[in-house]
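What follows draws every value from the coordinates through simple rules; no lab data is involved. Just so you know, these numbers come straight off a predicted model, no measurement behind them. Here the Cβ positions follow ideal geometry from the backbone for every residue, glycine too, while neighbour counts run over all protein chains shown.
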Amino acid sequence: MAVPKNNHTSSHRNRRRMHLFVKPTALSVCPKCKKAIRPHTVCLSCGFYKGKEVINVFKKLTKKEQKAKQKEIKAVEKESKKQGI
């Protein structure tokens, strides 16, 4: 088994490990439904990206779930209009 001749100093060790620390994920807010999403990705709750519908999220839902989801999105849009955002 190989054994190092000299010990690494703490600064050498720490410089090597500097990039290993975990950073918190960056999140942005979906402009349509106001949910937290990762930047530059399609919102999975409403299916919009850059103001255009990319995924039809209502397609897989039942009629009852579709109505509830649409009602929720409209309520969020009304609230954001009231606040002037």
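Sort out which residues of region 1-19 are basic (Lys, Arg) and either assigned to a helix (DSSP H, G or I) or surrounded by 10 or more Cβ atoms within 10 Å (Cβ to Cβ) (or both), and write them in order of number.
Arg13, Arg15, Arg16, Arg17
Taking the condition under 23 Å from Glu79 (Cβ atoms), touching a strand residue (DSSP E or B) at 6+ places or on another chain (Cβ under 6 Å) and hydrophobic (A, V, I, L, M, F, W, C), does Cys33 pass?
For Cys33, the condition - under 23 Å from Glu79 (Cβ atoms), touching a strand residue (DSSP E or B) at 6+ places or on another chain (Cβ under 6 Å) and hydrophobic (A, V, I, L, M, F, W, C) - is not met.
Would you confirm whether or not region 67-75 contains a residue that is part of a loop (DSSP other than H, G, I, E, B), polar (S, T, N, Q) and surrounded by 11 or more Cβ atoms within 10 Å (Cβ to Cβ)?
no
For region 20-58, which positions are without any contact (Cβ under 8 Å) to a residue 12 or more places away in the chain, in a loop (DSSP other than H, G, I, E, B) and in contact with a Gly (Cβ under 9 Å, 6 or more places away or on another chain)?
The answer is Asn56, and nothing else.
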